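Right, one structure below, let's go through it.
Read-outs: derived from the displayed coordinates by stated rules, not from any lab. None of these values were measured; they are calculated from a predicted model. Backbone-built Cβ (ideal geometry, glycine too); neighbour counts: all protein chains shown.
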Amino acid sequence: MTLAELDALPVEILNGVGPRRRTALAAVGVETVCDLLTYYPRRYVDRTRQEPVEGVTLNTELVLVGEIAAIGKRRTGLGGRRTLVEATLTDGTGS
């Protein structure tokens, strides 16, 4: 099938694409099967690269693999309506 043929097929012919998903896809400019195949998200996080705990810096998105050494929770906010969960992860290089 050529890209021209795919460009003639509306995205809703695909299984799992109903009215709601079609509307969501149209909001980002995806209306045909060709549009879907050539769509690249604005932001992409590479979750295949794993980092050691010792290399973690603030305000970065990354994937850590390790063992949870401790976990706890506490109430925060006005009147304690929110719960904060805190965990310590270790992988042999740090925690």
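Go through (1) over 30 Å from PRO10 (Cβ atoms); (2) not in a loop (DSSP other than H, G, I, E, B) and name the single condition LEU58 misses.
The single condition LEU58 does not satisfy is (2).
Which condition does ARG74 not pass, out of (1) outside any helix (DSSP H, G or I); (2) over 18 Å from the mean Cα position of the chain (by Cα); (3) under 23 Å from GLY16 (Cβ atoms); (4) of a type outside the set (Gly, Ala, Ser), if it passes all the others?
Against the list (1) outside any helix (DSSP H, G or I); (2) over 18 Å from the mean Cα position of the chain (by Cα); (3) under 23 Å from GLY16 (Cβ atoms); (4) of a type outside the set (Gly, Ala, Ser), ARG74 comes up short only on (3).
Among the candidates THR88, THR83, which residue alone is in a strand (DSSP E or B) and surrounded by 11 or more Cβ atoms within 10 Å (Cβ to Cβ)?
Values: THR83 fails: surrounded by 11 or more Cβ atoms within 10 Å (Cβ to Cβ).
Being in a strand (DSSP E or B) and surrounded by 11 or more Cβ atoms within 10 Å (Cβ to Cβ) holds for just one of THR88, THR83, which is THR88.
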